[in-house]
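The values are calculated or read from the model by the stated rules, or taken from the named source; none is laboratory data. If you're wondering where the values come from, they're calculated on a predicted model, not measured in any experiment. Note that each Cβ is placed from the backbone with ideal geometry, even for glycine, and that neighbours are counted across all protein chains shown. SASA here: full protein model, heavy atoms, side chains in, ligands and nucleic acids out. Shrake-Rupley method; radii C 1.70, N 1.55, O 1.52, S 1.80 Å.
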Amino acid sequence: MHLQAFPPFPSSAGNMLFFVRHHLYKWKSHIRIDMDGKFAGGQFSPKKLRGGRRCFSRSIGGASISCSNSMGKDLYVPPNEKITNARLIYAVAPAMGHNQESHPESNFRVPAIVNALEKMELTPKIRGSEIIELHNFKPASVDDIASVHARAYVSGLEKAMDQASQEGIIFIDGSGPTYATSTTFHESLVAAGAGITLVDSVVAAAKNCLDPPVGFALIRPPGHHAIPKGPMGFCVFGNVAIAARYAQRVHGLKRVFIIDFDVHHGNGTNDAFYDDPDIFFLSTHQDGSYPGTGKVDEVGHGDGEGTTLNLPLPGGSGDIAMTTVFDEVIVPCAQSFKPDIILVSAGYDGHVLDPLASLQFTTGTYYMLASNIKQLAKDLCGGRCVFFLEGGYNLDSLSYSVADSFRAFLGERSLASEFDNPAILYDEPSTKVKQVIQRVKHIHSL
């Protein structure tokens, strides 16, 4: 079977931005997985997936990343006394084998964050018991994934790993483009498993203290574009959606509030819960950006009408716009919904330095969001809150912004001023921002 070559990205950020935008809707000719697990346009003899790697160790950019996730090990949850003393729990699943050279969603992303956390002394090695990193967590089960995704898609992706082993890389969705390697299936299970384990840990901590730690899943591949029937937009499995169903099923947390502040609309999460009255999905994203969904009149369907809120921000929106959105839209929605847990699709690609969009968020914007969401969870649902890494493709702005989010969770002051450069910002489109906020408030009776 012939696989179309993935063209290299231009070297400059400006050219890369044009290249990605130009091709987002044109990459339709690559191989797809259909619902019977075969490649559209070609067939292969399915074989049982060989076991994924039990461990890895790799050094990138000065950071040594290691993980020993395995199917057979028992779930690791720290002792209750250790959890209750912590202010932050995180898990790392960098998917080192899931990588395409020059693709923006690469295996450099999570190691860059870990490297920054080490340099900025935001790890358990320096901070002791106030920060916990989870190790040896189990990958998600197929049943966990199938709580959101069609089983035919899950089994089809698993079968496709043999083809990926032969070809080196395959493209499973053309609109991203979304690629897969021989390790993608297992590493996607690990990513979803990290999120599930953090839900377990945060819920356990909340039973024993009034101010439990926030969880943060530093994982890839990202998930919020993956639709129930398949992959999309760099995303394989819907990590936050899978965690939401898990929280309901295992912990009895019926009402789940999902905040998605990635620059792109989380269409996969949107679709998964569009008719569900018990899961409120709220997305802020850049108007007109990939994948073109997330209009203000997309509010849910049937019993779920009113529990989907989409707020497309005009290009150029920044810290002022997002602070206003938080105060006037996110807070009243959450207060009215009365959630049992808050989950966050944390995309850092709205940063002014990110090459794939045109918002003007800063590191300070993400500090504000992290701090305010933590407080919102404390006020409304016993502090139960887990963040999931989504986008963010400038490694510097991504790593600094995640680090400042960590500082917010720890209750420490922001160091955004050491990274952000106000001189590159321009006036926000305040009139357009006000108009879309007022329209959303009218539609949702806020």
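Spatial offset of region 308-352 relative to region 177-237 amounts to 20 Å, using the alpha carbon center of each.
Shown here for region 153-238: chymotrypsin sites (Phe, Trp or Tyr not before Pro) in loop regions (DSSP other than H, G, I, E, B) with at most 12 other Cβ atoms within 10 Å, of which there are none.
The chymotrypsin sites (Phe, Trp or Tyr not before Pro) found in region 391-446 that occupy coil by DSSP, while having at most 13 further C-beta atoms within 10 Å, are Y426.
Largest first, the residues Y366, Y246 sort by 1.4 Å accessible area into Y246, Y366. Normalised per residue, the accessible area of region 134-266 is 24 Å², obtained with a 1.4 Å probe and no contribution from ligands, DNA or RNA.
The phi-based Karplus calculation (6.51 cos²θ - 1.76 cosθ + 1.60; θ = phi - 60°) puts the 3J(HN,Hα) values of region 194-199 at 4, x, 4, 5, 5, 4 Hz, whole numbers, x for Gly and Pro. Taking 22 Å as the limit for the C-alpha separation, the pairs K378/K441; K374/K432; K82/K138; K82/K125 exceed it in the case of K378/K441; K374/K432. The orientation-averaged projected area of the convex hull spanned by the Cα atoms of region 401-442 comes to 4.7 nm².
Taking the 1.4 Å solvent-accessible surface of region 119-164 as the whole, the part contributed by carbon and sulfur is 46%.
Determine the dipole magnitude for region 273-362: charges of +1 sit on the beta-carbon of Lys and Arg, -1 on that of Asp and Glu, nothing else is charged, the reference point is the Cα centre, and the result goes in debye to the nearest 20.
Dipole of region 273-362, to the nearest 20 debye: 240 debye.
Taking trypsin sites (Lys or Arg not before Pro) across region 392-446, the ones in a DSSP loop with at most 12 further Cβ atoms lying within 10 angstrom of their Cβ are R413. The 1.4 Å probe gives accessible areas that order L395, L210, largest first, as L210, L395.
Only one residue of T123, V110, A93 has its Cα farthest out toward the positive end of the dipole of region 82-143, where Lys and Arg carry +1 and Asp and Glu -1 on Cβ, and that residue is T123. Atom-type composition of the exposed protein surface of region 249-341 places 47 percent of the accessible area on carbon and sulfur (1.4 angstrom probe).
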